[in-house]
Amino acid sequence: MVLRLKYGGHYALAATLAQHMARLLAEDAALLVPVPLHPRRLWGRGFNQAGEIARSLGTISGVAFDPHLLRRVRATPALRGLGGRARTDVVSSAFAIAPTRAAGVVGKAVVLVDDVYTSGATTAACTRVLLTAGAAAVTILCWARVIAPPAGD
């Protein structure tokens, strides 16, 4: 489903995913923030799949949604096929808080929304930025998680 949303442009799937994810929102969730795409990738794809999921989560739950709080300030190559260490290096310093929105994160329980959790490098980089900006807590909410194959496979 997430591949059809991400690469097939099936926007309606975001609402379906969000309906299932909504039950996992913490009661203290105050702000939904999607993992951002770099503007060039956003332009090429036409939408941010994490943003569409987060928007639908906000509609369903009533939790505030800010698609512009977190920005990807450095273009990064696609992470598909990279190991955890390489992913961490690639996304290092790729994210920042939009200066005009910085006050919106202070003291809030933030839910960082993504479509797929692979190595945790992207969410770790985003979480660091959000906590440094003053978020009280950051919870990761994603639709799918990539499980590494057992060693030797």
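Gyration tensor analysis over the Cα atoms of region 90-153 returns equivalent ellipsoid semi-axes of 27, 13, 9 Å (largest first, whole Å). Database remark: amide H of Tyr117 closer than 5 angstrom to the amide H of Ala144, Arg145, Val146 (H placed geometrically; neighbours at sequence offset of 5 or more, or on other chains; Pro and chain starts carry no H).
At a Förster radius of 22 Å, what calculated FRET efficiency corresponds to the Cβ-Cβ distance of Ala64 and Ala124, to the nearest 0.05? Efficiency, rounded to the nearest 0.05: 0.40.
Laboratory data are not the source of any read-out in this text; all were calculated from the coordinates shown. Just so it is clear, the structure is predicted and the values come from calculations on it, not from any experiment. A quick note on method: Cβ atoms are made from the backbone with ideal geometry, for glycine too, and the neighbour counts reach across all protein chains shown.
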